[in-house]
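Worksheet for the structure shown next.
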């Protein structure tokens, strides 16, 4: 009887000691070590690739965002602020009942086929808006000038990049709205165009947030 009790107590004590050691190693030491390495070697990425402007965090290099005017009374969707470069569509295209405006609760694509009537209508409406919004007194956008990323969302619906072609199409409108020379705006686009990764992976792209921060700095000089 005493031997059975002693053995049980010994096993219980060994189990508790193992639990304590494993809790410290996997719950404290390992997370702290990984966090320390991440902060030391990849601090920017570990903290969400945050982007700062005027000493404040204004977004992430990995997540798209919109640049809209304040929502009007009675309105459901704010109008885009056309003095800024605009991202890929997020409302309707690449959205669902939860994610409609680059919200991070849920991401995903429309999962609609290319011949889906609703998707075709969205694309046509988006294309008409791109032509209307980006045409100026001296520059008229042709339907053939509108790139695919101007009228469709990304697979996640959260892509922070647009194509250089879409950025250049917007440059005329941005220059006119901010009273800048087109050459100045085109230089900003060129300076913020990232090439293919390792020279062959992906496509050239422009981070809209970084481009708009540079535009803000240019207009406030």
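Observations, loosely collected:
- Filter result for the condition that a residue is in the same structural domain as residue 175 (by TED's automatic domain parsing) and in contact (Cβ under 8 Å) with a residue 24 or more places away in the chain, over 87, 70: 87
- Filter result for residue 185 (assigned to a helix (DSSP H, G or I), modelled with pLDDT of 95 or more and in contact with a helix residue (DSSP H, G or I) (Cβ under 6 Å, 6 or more places away or on another chain)): yes
Matching residues to (1) surrounded by fewer than 19 Cβ atoms within 10 Å (Cβ to Cβ); (2) in contact with a helix residue (DSSP H, G or I) (Cβ under 9 Å, 6 or more places away or on another chain); (3) modelled with pLDDT of 90 or more; (4) in a loop (DSSP other than H, G, I, E, B):
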| residue | (1), (2), (3), (4) |
| --- | --- |
| 82 | yes, yes, yes, yes |
| 85 | no, yes, yes, yes |
| 95 | no, no, no, yes |
| 119 | yes, no, no, no |
| 124 | yes, no, yes, no |
| 138 | yes, yes, yes, yes |
| 170 | no, yes, yes, no |
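- In the range 20-41 there is at least one residue that is in contact with a helix residue (DSSP H, G or I) (Cβ under 6 Å, 6 or more places away or on another chain) and outside the structural domain of residue 211 (by TED's automatic domain parsing).
- Any chance residue 195 is touching a residue at least 24 places away in the same chain (Cβ under 8 Å) and assigned by TED's automatic domain parsing to the domain that holds residue 108: no
The values are calculated or read from the model by the stated rules, or taken from the named source; none is laboratory data. Keep in mind that this is a model prediction, so the values were computed, not measured. Please note: Cβ atoms are built from the backbone with ideal geometry, for glycine as well, and neighbour counts cover all protein chains shown.
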